[in-house]
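Heads up, the thing below is written out as structure tokens.
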Amino acid sequence: MRICITRTEKDRYSETFLLNQIKELANYAAIFPVHGGRLPQRNDDDTLLSSRFFWVMHNIAKTISGERNNYFGNHGLKNFLRKNNIDIVLANYGFAAVHILPICKVLNLPLVVHFHGFDATQQKILKQYKEAYKTLFKEAAGIIAVSADMKNKLVSLGAPEDKISLIPYGIDVQKFSPAYPKKQDALFLCVGRLIAKKSPQSTIQAFAKTKQVHTNAKLIIIGEKSGLYENCAELVKKLGLENDVIFTGIQNATEVINYMHEANIFVQHSVTAANGDMEGTPNTILEAAACGLPVVSTKHAGIKEAVINGKTGFLVDEHDIDGMAKYMIELIEKPLLAKEMGLAGRGHIEKNYDLHKQSKKLYDVLEQAVNKNKGNE
């Protein structure tokens with residue numbers, strides 16, 4: 001089988017799940033990745049799918065008409081799919097799949113759309129693509145959701161339930177593994193973009209309350225120093241925590257694992273943002289659990305499935321800062337409980353979020369779609 005995988009951007013640091021997707025599916029089929037916008041314009045080596053002239057004309061036409069699916073934009077991807085004898089297209093993000101669908105229909109290629117989070121929840125996206133999503137749901141050969149909440153949301157938007165496959169992300173459980181003993185008892189770790197739906201200010205506020213009880217506590221926040229970083233840095237200064245909250249900026253996977261091995265507890269206060277943006281299933285929570293860390297987070301989206309409340313960590317209502325601090329304090333004061341929860345979390349990830357198993361599930365969906373399409377020819 002020959003699979004074209006589309007991405008809006010190439011190798012974005014916060015989208016390791018897409019790199020995993022490409023790498024793992026390559027164990028089962030020939031993979032042809034493309035990227036460069038909602039209607040992909042580039043090969044995996046960054047060369048253009050069309051001539052530079054066509055690329056320029058596409059951008060001019062898009063600017064004038066507002067339409068991505070113009071003749072020049074469609075040309076490159078259409079020829080790429082034909083030239084490489086592609087059997088199926090796996091489009092990442094719903095709004096991108098909308099623009100890829102017309103090309104697949106012309107070529108009679110099945111399209112499976114993989115939703116990830118904001119593409120199924122953000123109000124602006126849902127308003128812009130409301131009618132297009134209805135067409136996409138009708139025409140797509142399959143739909144992938146990464147959490148039960150997302151599946152329910154897609155159904156509410158008009159997606160047929162029998163087309164949706166619930167396949168959360170997978171984690172390389174060999175790469176992300178526990179490390180003991182810990183060097184200290186009160187090191188908290190948070191990993192992720194500093195954006196509204198991850199509410200880093202709430203995590204900092206909960207840490208401040210924890211710090212009042214345990215003065216030796218430290219919080220490390222890994223993530224690009226953009227978005228809400230200035231707000232967070234200002235809050236840390238206001239709370240007098242400059243020596244206790246460390247912003248590392250972006251770290252590579254090896255460095256993240258090292259921090260997870262040093263930390264005692266993983267914290268993340270995900271919420272539904274004002275614009276409706278929600279998580280799918282945060283990869284960093286899966287990685288932390290795979291590393292044997294108990295997780296303190298919120299009852300939000302796929303986190304409710306990734307963390308078993310009271311067994312592998314603690315979950316609080318969104319915006320419940322006092323509740324989060326309470327559990328952070330409890331896990332400091334009960335190191336045996338913290339370790340027990342961490343090991344239970346490791347087992348939960350091994351059983352339900354193993355990268356190889358999840359990737360095989362995704363491949364099976366693609367294979368079924370291809371076989372069904374050939375049977376209809």
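General observations
- Dividing the helix sum by the residues of the chain, where each DSSP H run of 4 or more adds -39500 (n - 2.57), gives a mean residue ellipticity at 222 nm of -14000 deg cm²/dmol.
- Peptides 181-194, 139-152 ranked from most to least packed by the mean count of surrounding Cβ atoms within 10 Å: 139-152, 181-194.
- Alpha-carbon geometry of the range 1-87: the Rg and the Dmax are 13.6, 43 Å, given in that order.
- Of every Cα-Cα pair in the range 270-311, the percent that sits beyond 17 Å: 27
- Solvent-accessible area, 1.4 Å probe, carbon plus sulfur percent, for the chain: 49
- The chain - percent relative contact order, Cα under 8 Å, separation 6 or more: 16
- Our estimate of slack between LYS238 and ASP11, defined as 0.36 nm per intervening residue step minus the Cα-Cα distance, is 78.2 nm.
- Relative contact order of the range 82-205, defined on C-alpha pairs under 8 angstrom at six or more residues apart (%): 19
- Solvent exposure of the chain amounts to 44 Å² per residue of accessible area, where only protein heavy atoms count and the probe is 1.4 Å.
- Peptides 125-132, 22-29 ordered by average Cβ neighbours within 10 Å, highest first: 22-29, 125-132
- Neighbourhood charge, 15 Å Cβ-Cβ cut-off, centred on ASN264 and excluding it, Lys, Arg +1 and Asp, Glu -1: +1
- Kirkwood Rh (inverse of mean 1/r, distinct Cα pairs), the range 23-166, angstrom: 15.8
- Going through [x] 21.5; [y] 18.6; [z] 26.7, the figure that equals mean projected area of the Cα convex hull in nm² as computed for the structure here is [y].
- Restricting attention to the range 191-298, lysine pairs at least eight places apart or on different chains and with alpha-carbon atoms under 18 angstrom apart total 10.
- DSSP bridge orientation in the chain - percent antiparallel, rounded to nearest 5: 5
- Approximate spin-label separation VAL213-LYS138, in nm, with each point projected 7 Å along Cα-to-Cβ: 5.6
- Percentage, to the nearest whole number, of Cα pairs in the range 133-248 over 16 Å apart: 70
- Distance (nanometres) between label positions extended 7 Å along Cα→Cβ at SER226 and ASN79: 3.2
- Most to least packed among 47-55, 305-313, 80-88 [average Cβ atoms within 10 Å]: 305-313, 80-88, 47-55
The values are calculated or read from the model by the stated rules, or taken from the named source; none is laboratory data. Predicted, not measured: the structure shown is a model, and the values here were computed from it. Positions of Cβ are backbone-derived with ideal geometry, glycine not excepted, and every protein chain shown enters the neighbour counts. Protein only, heavy atoms only, side chains kept; ligands, DNA and RNA dropped before computing areas. Shrake-Rupley method; radii C 1.70, N 1.55, O 1.52, S 1.80 Å.
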